[in-house]
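I have placed the structure first, in the form of structure tokens, so that the comments after it can refer back to it.
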Amino acid sequence: VKGQNPLRAQEAGDGMQLWIQEVFYTLQGEGPYSGEPAVFVRLAGCNLNCYWCDTEFESSTWRPTLNELLNEIESVRPPFCNLIVITGGEPFRQNITPFLEQLAAKQLRVQIETNGTLFFELPDDGDIHVVCSPKTGSLNQRLVPHIGSFKYLLAAGAVDEHDGLPVASTQRQGESARIARPPQGSSAQVFVMPIDSGDAVVNQANLQACVESALKHGYRLTLQTHKLSGIR
Ligand code: SF4
């Protein structure tokens, strides 16, 4: 059921084992690497529960060691694919620093998808692009310098006329809330993406809201092309 997941706190572990929902090879559907082949690593659990969230990240019983996880990645990764997308749930809910170090050692590029509230250190030598999709009013200040892109989900009728970004709560449907904005002076690219309501008419309006916001404020439109193309 959308948005009914339990709120799971950040785990302080040593990062040598991670709760993993799934590992799979696909095309990245959205954001700066849209269209690019990538291995997705979906970490289990989230510290938020957005009312429209339709991602399954709670049913995992798999907690591999880093070696087991890396073997699984290698078993699905074609040699030409060097992009690993780390998503969730919320990836920074678990200590992913040792995992990122291993990926950097293999010279794999990494994209992390985060809600912006939590953080673990990133290795200095990693090729890591953090995409932050803010869901709450503030961002983790240790994360902020590492954010390469922001991604906002927009719904028609819930867009701030001054900055073209959301004015609605992600946690409670129908309530307004001030979702964190890119910090002043941030050079991160801003993406806008329509919320998938499950209703074609509403989705068309949400898409139109994104188009208007992108044209007016210089953002980049991104769509969930994995849904459009029928892949996961
Ligand atoms: S933060 Fe992301 S994964 Fe967590 S509930 Fe919200 S949309 Fe889903």
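Can you find, among Ala104, Leu165, Ser229, the residue farthest towards the positive end of the dipole of the chain? Put +1 on the C-beta of Lys and Arg, -1 on that of Asp and Glu.
So the residue furthest toward the plus end is Leu165.
For the pairs Lys2/Lys151; Lys106/Lys151; Lys2/Lys216; Lys2/Lys227, note any where the Cα-Cα span goes beyond 22 Å.
Those over the limit are Lys106/Lys151; Lys2/Lys216.
What order do Lys227, Lys151, Lys135 take when sorted by accessible area (1.4 Å probe), most exposed first?
Sorted by accessible area, descending: Lys227, Lys135, Lys151.
Okay, which of the stretch 198-218 sit inside 13 Å, backbone N to the point 7 Å along the Cα-Cβ direction of Trp52?
198-211
Dipole magnitude of the chain about its Cα centre, charges +1 at Lys/Arg Cβ and -1 at Asp/Glu Cβ only, in debye to the nearest 20?
Once rounded to the nearest 20, the dipole reads 300 debye.
How high is the FRET efficiency from Asp199 to Gln141, r the C-beta distance, R0 30 Å, rounded to 0.05?
So, using R0 = 30 Å, E works out to roughly 0.20.
Using r as the Cβ-Cβ distance of Ser59 and Ser176, and R0 as 30 Å, what FRET efficiency do you calculate, to the nearest 0.05?
Calculated value: 0.40.
Over 28 Å apart: what share of the alpha carbon pairs of the chain falls there, rounded to a whole percent?
Everything past 28 Å amounts to 28 percent.
Order the peptides 85-91, 103-109, 214-220 from the highest to the lowest mean number of other Cβ atoms within 10 Å of their residues.
85-91, 103-109, 214-220
With the dipole of the stretch 11-96 worked out from charges on the C-beta (+1 for Lys and Arg, -1 for Asp and Glu) around the Cα centre, which of Cys53, Gly29, Ile84 lies farthest toward the positive end?
Ranked along the dipole, the leading option is Ile84.
Give me the percent of the accessible area of the chain that comes from carbon and sulfur atoms, probe 1.4 Å, all protein chains in place.
49
Show me the ranking of peptides 14-26, 38-50, 60-72 by mean Cβ neighbours inside 10 Å, starting with the highest.
Highest-to-lowest ranking by the protection proxy: 38-50, 14-26, 60-72.
With a 1.4 Å probe and every protein chain left in place, work out the accessible area per residue of the stretch 26-128 in Å², rounded to a whole number.
So the stretch 26-128 comes to 38 Å² accessible per residue, rounded to a whole number.
Please compute the net charge surrounding Ile179, taking Lys and Arg as +1 and Asp and Glu as -1 over other residues with Cβ under 11 Å from its Cβ.
Net charge around Ile179: +1.
The values are calculated or read from the model by the stated rules, or taken from the named source; none is laboratory data. Bear in mind that the values here come from a model prediction, so they are computed numbers and not experimental data. When we count neighbours, we look across all protein chains shown, and the Cβ atoms used for this are built from the backbone with ideal geometry, even at glycine. Calculation scope for accessible area: heavy atoms of the full protein, side chains included, ligands and nucleic acids excluded. Shrake-Rupley method; radii C 1.70, N 1.55, O 1.52, S 1.80 Å.
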